[in-house]
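Notes follow once the structure below has been shown.
The values are calculated or read from the model by the stated rules, or taken from the named source; none is laboratory data. Keep in mind the model is a prediction, meaning the values are calculated, not measured. Neighbour counts are summed over all protein chains in view; Cβ atoms, including those assigned to glycine, are modelled from backbone coordinates with ideal geometry. Only protein heavy atoms, including side chains, enter the accessible area calculation; ligands, DNA and RNA are left aside. Shrake-Rupley method; radii C 1.70, N 1.55, O 1.52, S 1.80 Å.
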Amino acid sequence: MARARTNDVPRRSSRSLSAIFRANVLTLFNLVIGVLSVLVLVFGEWQDVMFGLIIVANALIGIVQELRAKRTLDRLAVINEAPVRVRRAGREERIEAPDIVLGDLILLGPGERLLVDGEVVESDGLEVDESLLTGEADPVHKRPGDGVLSGSFAVAGSGSFVATKVGTDAYAVRLAEEASTFHLARSELRDGIAGFIKYVTWLLVPVGGLLLYSQLSNSADLGTAVTGAVAGIVTMIPEGLVLMTSIAFAVGVVRLGRRKCLVQELPAIEGLARVDVLCLDKTGTLTSGGMDLGQVLPLRDDQPAEAALAALAHLDQRPNATAEALRARYPRIEDGWAARATVPFSSARKWSGADFGERGAWVLGAPDVLLDAGECHDRAAELAAAGTRVLLLCRTDDGLPAGATPARPEPVALVTFTQRVRPDARDTLRYFEEQGVTVKIISGDNPDTVSAIATGLGIPGGERSIDARTLPHDDPGKLGELLDTHTVFGRVTPRQKRAFVAALQARGHTVAMTGDGVNDVLALKDADLGIAMGAGSPATKAVAQVVLLDDRFATLPHLVGEGRRVLANIERVSHLFLVKSFYAIVLSVIVGLTGTMFPFAPRHSTLTNALTIGIPVLFLALTPTLERPRPGFVPRVLRFAVPAGVLCAAAVLLAFWSAHDGTTTLVETQTAAVLALFLTTWWVLVLIARPLNWWRTVLVGSMAVLFAVSLTLPFVREFFALRPGDVARDLTAVGIAVVAAAAIGIAVRLAGTLRP
C-alpha cells in the first residue's frame, strides 16, 4: 500500500464530478447563448437578456440531477461489489476489491471473478472461462504455474493465485479502459437527438448570418437590429432538449435505485423500454436460489447410496445449491470416504464426481446425460414431469474421465429436489404477457421439470418443452423459428444460451436476458439488456447492465415501466423543442430573404417558450406512462415538427404583416405576432399532452391563464413589451392562429405521429 500497488481502478457506474460539470456547462449551445447575451447587453435592453438565464438553469438542474444519480449509482455499486477472498498470514479474509495489493494470495471458487492478473498456486479441478477476453467459450483447466487474467471467471473447481498485476496494470483494464469508466452506450434515442442538434448547429451560422444582415439593412437602430437577430437565433436552439433527456435518465436511475436496482449504464433505461423478448433462466429467477432435498430412491440395495451422497456433498469448499441441500440432510462424512481425485460440477458437463479409491468412483448428475434410454431413465422422466429436479447417483469402476461422460456408470439411486418457486413469479409473468413482452424459459435442467414449473405458473405454451440437445447447431434461421414458436427449453448449455440471444436478435427482437450463474455470463453480455440477480455470481453482475440487488423478480415490471416512461416522455417533449426550432428556422429564412423586421424580440421568445415548453416539459418528462415504444423515433418526430413548425411560422408572419398598416409601432405589431405565436404553440402543447386527464388539463389551462395575466397586468405587460389594445388587430391575430391550429391538428392526424 505504501508503494501504491493497490487495485485502484476507476468505477464505471458514474462519471466524475469534473466530467459532470464539463458536460453541463461547457457546451456549444451554452457558448452561443452566452455570446448572444453579451451582444444584447451591449446593444439592447437588459430585459431581452432573460434567455441567458437558460444557461444557469440548464447547468444547475442538469448538475443537481446527475449528482443525485451519481450518488445513487455509487452507493448501489458499492453494495453490488462482492468481497474478494484472500489468504493473509495463514488466515482467510474477505476484503474489498480496491484493497487487493500486489502479491496477495487470492482464493477462487465457482462464479468468482478474477479482478487482477496472477499466477495459479493451487488448483483443485479449477476451470476458468476466458471468453470475455478471448471469445473462446470452452473453459480452460488451470494448474499450478499457469497464468490467469483479469476479466475471466472461475466456472468449476477451486484454487488460488498470486496477484502479479493490479490496478491499471491488469490485462482487462488495459484492454478495455473505456469499460472501466463511465460511458454512454449507443441508443436510437440519443443518436436521434444528437442528429437534431448537429443539423441545427450547422444551420445556425448561415441562417443567423442572413438574419443579422437583413436586420441591419432594414433598421436604423443598431440595438433593434441586433436584438431581432438574436431573437431568431436563440429560438432556433433546442437548448432544453439535451437537458430534459439527461434529467429523465437521471431521475429514472434514482427511482430504480430506491427499488434496489443498480443501472450500470444510463441508456440501459432505454433498453428496458424496447425489450420485447425476455429470456429467463429458471433457477434463481422463477425459482429462488436454494432447494430442498426430497427423496433418495435406491435402485440397488447393495450400494451405500447415502454415504456416497454425503461424501460428494462435502467435496467443494464453496458448495452450490445442490450440495447445500445434501449437506443439510447429511452433515457428516463417514470414515473411509476420502477423495483421491475429483471432477467439479459445471453447467456444461451437468455432472460432478470423485474417486474414493477402494469404494470406487461415484458420479452425481443429470439422468438423461449419464444414461441412455431405459427403465431408470423413464422413471426419472416421470419424476421430473411432476416439477421436481432429479439427479442420478452412479458408481463406476472405470475411474473419472477428464471431460467426457463416465463410461459404463451403474445407477445406484435417484435423488429428487424440491425447488422453491418465487411467490411473485406468477403476477410478474402475467404483467409481461399484458405488456406484449414474450417470455422464454431457458434452463439447463430437464425439459420436463422446466415445463412443469412453467405450466404451474400459467406461462402460455409452457406445456410444450424442447430439449436443447435436439436443436440445430449450424442453422441460425431454423433455430430462430423454433425460438419464436416455443417457450420452454431445457438442457441448454451456456454456449446455446448465447446462440439463442443471437438468433432472436437476428429476427429483429430486442432481447433481455436474466440470470444468476456463471453459465449465464455469455448470454447476459450479448443480450440487448443483461439483468443479473443480486445473489448471483460476481461474474454475472459484472457484465450485466442492470443488477437486482434485492434479488426480487417482482422488480422487473418496474424496470420495464420506468424504461417506457422515460422513452415515451422524452419523445413527447422532443416534439415541443423541435417545433420551436423549425418555426424559428422558417421565420429566420423568410425574414432574411424578404428583408423585413423579425416579428418578435428575445423577451417575447422567453415568455412563450417558458409557457409552452419550459414549464410544461418539467411535468410531462417525468409523468408515468406505459406506452409501448415504437421504432422510427427520428422520422416520427420530424413528421410532426416540420409541418407544425411551418404552420406556426406562417401564422406568426401573417399576424405580424397584417398588423402593420403604417401607423402601428414595432411593439404593437410584435404583440400581434406574439399572440399568434403563443396560441399556435399552445395548441401544439395540447396535442402533445394528450390524453388530457385532470392534471394535464390543469397544466395546459394554467399556461393559458399565465399568458392572459401577462397581457393584463400593466407591469408584466410593460416588462415583456406587450401592447394589446386594438381589438380588430388582436382578433385578426387570434383568427389566424385558430386557422393555423386547426391545420396543425389535421397535419398531425394525417401524419399519424401521435397516439390519441
* Structure fact -> Taking the stretch 26-53 and the residues there that are within 21 Å of Tyr199 (Cα to Cα) and open to solvent by less than 60 Å² (accessible area, probe 1.4 Å), the one that is modelled with the highest pLDDT would be Gly34
* Could you tell me whether Arg408 is free of Cβ contacts under 8 Å to residues at least 24 places away in the same chain and out of contact with any helix residue (DSSP H, G or I) (no Cβ under 6 Å at 6 or more places or on another chain)? => yes
* Asked: Looking at Gly645, Gly701, which one is touching a Phe, Trp or Tyr at 6+ places or on another chain (Cβ under 9 Å) and modelled with pLDDT of 90 or more?
  -> Gly645
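From the list Ser352, Ser346, exactly one residue is at pLDDT below 85 and either within 29 Å of Thr287 (Cα to Cα) or surrounded by fewer than 19 Cβ atoms within 10 Å (Cβ to Cβ) (or both). Which is it? If you could, list the steps in order and put the result at the bottom.
Working: Ser352 fails: at pLDDT below 85.
Result of the check over Ser352, Ser346: Ser346.
Count, please, the residues in the stretch 411-425 that happen to be in contact with a strand residue (DSSP E or B) (Cβ under 7 Å, 6 or more places away or on another chain), surrounded by 15 or more Cβ atoms within 10 Å (Cβ to Cβ) and more than 16 Å from Glu306 (Cβ to Cβ). Walk me through it before giving the result.
Initial filter on the stretch 411-425 (in contact with a strand residue (DSSP E or B) (Cβ under 7 Å, 6 or more places away or on another chain)): 411-422.
From the residues that got through so far, the ones that are surrounded by 15 or more Cβ atoms within 10 Å (Cβ to Cβ) too are 411-419, 421-422.
Now restrict to residues that are more than 16 Å from Glu306 (Cβ to Cβ): 418-419, 421-422.
Looking only at that region, the number is 4.
Residues being outside any loop (DSSP other than H, G, I, E, B) and more than 16 Å from the chain's Cα centre (by Cα): count how many of those fall in the stretch 505-529. Even if it seems obvious, please write down each step before you answer.
The first filter runs over the stretch 505-529 and keeps only residues outside any loop (DSSP other than H, G, I, E, B), leaving 505-506, 511-515, 518-526, 529.
If we keep only those that are more than 16 Å from the chain's Cα centre (by Cα) as well, we get 505-506, 518-522.
Counting residues in the stretch 505-529 that are outside any loop (DSSP other than H, G, I, E, B) and more than 16 Å from the chain's Cα centre (by Cα) gives 7.
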* For the stretch 387-504, which fully contained helices (runs of 4 or more DSSP H) count at least 2 residues that are under 21 Å from Asn320 (Cβ atoms)? -> 447-456
* Asked: When you scan the stretch 126-168, how many residues do you find that are among the basic types (Lys, Arg) and modelled with pLDDT under 85?
  -> 0
* Asked: If you scan the stretch 528-539, which residues turn out to be over 15 Å from Ala268 (Cβ atoms), of a type outside the set (Gly, Ala, Ser) and open to solvent by less than 10 Å² (accessible area, probe 1.4 Å)?
  -> Met533
* Can you find a residue in the stretch 275-293 that is surrounded by fewer than 19 Cβ atoms within 10 Å (Cβ to Cβ) and assigned to a helix (DSSP H, G or I)? -> no
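Each row is one residue, and each column tells you yes or no for (1) open to solvent by less than 40 Å² (accessible area, probe 1.4 Å); (2) under 20 Å from Gln545 (Cβ atoms); (3) modelled with pLDDT under 75.
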{"site": "Ala179", "(1), (2), (3)": "no, yes, yes"}
{"site": "Ala185", "(1), (2), (3)": "yes, yes, yes"}
{"site": "Gly192", "(1), (2), (3)": "yes, no, yes"}
{"site": "Val254", "(1), (2), (3)": "yes, yes, no"}
* Asked: So which pairs qualify, if the first residue must be in the stretch 664-690 and assigned to a helix (DSSP H, G or I) and open to solvent by 10 Å² or more (accessible area, probe 1.4 Å), the second must be at pLDDT below 90 and not aliphatic (A, V, I, L, M), the Cβ gap must be under 6 Å, and the two must be at least 6 apart or on different chains?
  -> Val667/Arg723; Glu668/Arg723; Gln670/Phe600
* Taking only the stretch 596-610 into account, find how many residues are open to solvent by 20 Å² or more (accessible area, probe 1.4 Å) and either part of a loop (DSSP other than H, G, I, E, B) or within 20 Å of Leu203 (Cα to Cα) (or both). => 2
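Taking the stretch 544-561, which residues are assigned to a helix (DSSP H, G or I) and surrounded by fewer than 24 Cβ atoms within 10 Å (Cβ to Cβ)?
If the condition is that a residue be assigned to a helix (DSSP H, G or I) and surrounded by fewer than 24 Cβ atoms within 10 Å (Cβ to Cβ), then Phe553, Ala554, Thr555, Pro557, His558, Val560, Gly561 are the ones that fit.
For the stretch 152-172, which residues satisfy the criterion of being crowded, with 24+ Cβ neighbours inside 10 Å and without any contact (Cβ under 8 Å) to a residue 60 or more places away in the chain? Steps first, please.
Let us first name the residues in the stretch 152-172 that are crowded, with 24+ Cβ neighbours inside 10 Å, namely 153-157, 161, 163, 166, 170.
Scanning the stretch 152-172 gives a single hit, Phe161.
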